[in-house]
Amino acid sequence: QIKSQQSEVTRILDGKNIKYELVDISQDNALREEMRAKAGNPKAIPPQIVNGDQYCGDYELFVEAVEQNTLQEFLKLA
């Protein structure tokens with residue numbers, strides 16, 4: 001499920017020509033803890049969307065922003 005959600009996020013971002021960087025947290029506990037700290041949730045699972053140091057949200061919020069045509073605001077680009 002995580003892989004399919006990640007694929008959908010990257011597909012949507014690619015389709016909108018939005019640059020992004022994927023961070024693989026599976027090999028590094030420090031990266032996993034950093035993601036969870038930014039999300040403010042000790043049990044957060046990927047994908048979590050972050051713009052620099054600004055936490056944007058999780059997969060469900062990302063999909064909601066796409067459906068409501070508010071992706072730029074969600075990604076803190078607007």
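The values are calculated or read from the model by the stated rules, or taken from the named source; none is laboratory data. Predicted, not measured: the structure shown is a model, and the values here were computed from it. Cβ sites come from the backbone with ideal geometry, for glycine too, and all protein chains shown count toward neighbours. Ligands, DNA and RNA are excluded from the accessible area calculation, which covers all protein heavy atoms including side chains. Shrake-Rupley method; radii C 1.70, N 1.55, O 1.52, S 1.80 Å.
Miscellaneous remarks
- The figure for residue 45 is an accessible area of roughly 100 square angstrom, using a 1.4 Å probe on the protein chains alone.
- Think of a 1.4 Å ball rolled over the protein heavy atoms: the range 1-77 then has 71 Å² of accessible area per residue.
- Solvent accessible area, Å² - residue 70, 1.4 Å probe, full protein context: 50
- Calculated Cα extents along the principal axes in Å (choose from (i) 39, 25, 20; (ii) 33, 22, 20; (iii) 36, 35, 19), label: (ii)
- Here each label is just a point 7 Å from Cα along the line to Cβ, and for residue 37 and residue 1 those points are 2.8 nm apart.
- On Cα atoms only, tilt of 29-39 relative to the major axis of the chain in degrees: 50
- Normalised by the number of residues in the chain, the average gap of Cα pairs under 8 Å and 6 or more apart makes the relative contact order 21 percent.
- When the residues 43, 76 are ordered by accessible surface, computed with a 1.4 Å probe over the protein chains alone, the sequence from largest down reads 43, 76.
- DSSP-assigned coil residues among trypsin sites (Lys or Arg not before Pro) in the range 1-39, each with at most 13 further Cβ atoms within 10 Å: 16, 19
- Accessible carbon and sulfur surface of the chain relative to its total accessible area, %, 1.4 Å: 47
- Largest first, the residues 23, 63, 50 sort by 1.4 Å accessible area into 23, 50, 63.
- Computed [θ] at 222 nm, helices only, for the chain once each DSSP H run of length n ≥ 4 contributes -39500 (n - 2.57): -14000 deg cm²/dmol
- Rounded to the nearest 20, the Cβ-based charge dipole of the chain about its Cα centre (Lys and Arg +1, Asp and Glu -1) stands at 40 debye.
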